Amino acid sequence: MKIYFHLNLSGFSNCYVIANEVIKEAVIIDPGQITEEIIDKIESDSYKLTGVFITHNHGSHVHGLKTLRKIYTPKIYAADWEVAGNDTNVITGDGKVRIAGLTVRYMALPGHTADSMVYKIGNVIFTGDTLSAGKIGTTNSKYSEFILRNNIERKIFSQQDATVIMPGHGPPSCVGVEKLFNLDIAHVSEKEAVPVIPLSDK
């Protein structure tokens, strides 16, 4: 398995091409923007694009889908039917899909959006906007934030520490690092907390 990374400069979001070099098939996660470089990679290496996975239905993660569908006929997986209408393979809850010779595990992880999904292929988890290096996704209420934090701890932080995190924005990370240093979700006990000492008036 090879992972090719592409940065969407218009939305500063990450797009990933995951290729199975043995059978020459590939899937794409979050086609926010499809450029000549992405098409060249697929064509020059003679990959058959068999699937597209959407982490959530926000423009910077799906805008390129229209371009892809003009060139290829991949199966489209998302939790939101509106991503591709009747061509959307709607996925809910947790499960797995076998495609391009790869096992793609999916997990519903609402909080940032109601349709947020994360995908795991091998030792790599693609988190969309739910979890990035050093922070968690934005939410529109305290309840949504609670749901998001709870889901991250149950479904992402339960993975092995060496599991690589490929987020929707920003650089890669890994589960162990985020458990220790993600300030948006880290649990610090009173003994570990750094004391705050007021400045003297003198």
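The values are calculated or read from the model by the stated rules, or taken from the named source; none is laboratory data. This structure is a prediction, so every number in the text was calculated from the model and none was measured. Positions of Cβ are generated from backbone atoms using ideal geometry, with glycine treated the same way; all protein chains shown enter the neighbour counts. All accessible areas refer to the heavy atoms of the entire protein, side chains included, with ligands and DNA or RNA removed. Shrake-Rupley method; radii C 1.70, N 1.55, O 1.52, S 1.80 Å.
Some notes on this structure:
- Among the residues of segment 103-116, at least one is over 15 Å from the mean Cα position of the chain (by Cα) and either within 20 Å of residue 164 (Cα to Cα) or surrounded by fewer than 23 Cβ atoms within 10 Å (Cβ to Cβ) (or both).
- Flag set for residue 16, criterion: assigned to a strand (DSSP E or B), of a type in the set (Phe, Trp, Tyr) and closer than 23 Å to residue 91 by Cα.
- The number of residues in segment 46-73 that are in contact with a strand residue (DSSP E or B) (Cβ under 7 Å, 6 or more places away or on another chain), under 19 Å from residue 5 (Cα atoms) and open to solvent by 20 Å² or more (accessible area, probe 1.4 Å) comes to 3.
- Restricting attention to segment 125-135, the residues that are within 19 Å of residue 60 (Cα to Cα) and either touching a Leu at 6+ places or on another chain (Cβ under 6 Å) or surrounded by fewer than 19 Cβ atoms within 10 Å (Cβ to Cβ) (or both) total 3.
- Among (1) of a type outside the set (A, V, I, L, M, F, W, C); (2) exposed (fewer than 14 other Cβ atoms within 10 Å of the Cβ); (3) more than 24 Å from residue 157 (Cα to Cα) - the single one residue 94 does not satisfy: (3)
- Qualifying residues in segment 145-189 (those that are touching a helix residue (DSSP H, G or I) at 6+ places or on another chain (Cβ under 8 Å) and among the polar types (S, T, N, Q)) - the one surrounded by the most Cβ atoms within 10 Å (Cβ to Cβ): 163
- Filter pass, residue 80 being surrounded by fewer than 16 Cβ atoms within 10 Å (Cβ to Cβ), among the acidic types (Asp, Glu) and either more than 23 Å from residue 172 (Cα to Cα) or in contact (Cβ under 8 Å) with a residue 12 or more places away in the chain (or both): no
- Some residue of segment 102-117 being of a type in the set (A, V, I, L, M) and touching a Ser or Thr at 6+ places or on another chain (Cβ under 6 Å): yes
- One residue from 32, 11 being in a loop (DSSP other than H, G, I, E, B), under 23 Å from residue 139 (Cα atoms) and open to solvent by less than 10 Å² (accessible area, probe 1.4 Å): 32
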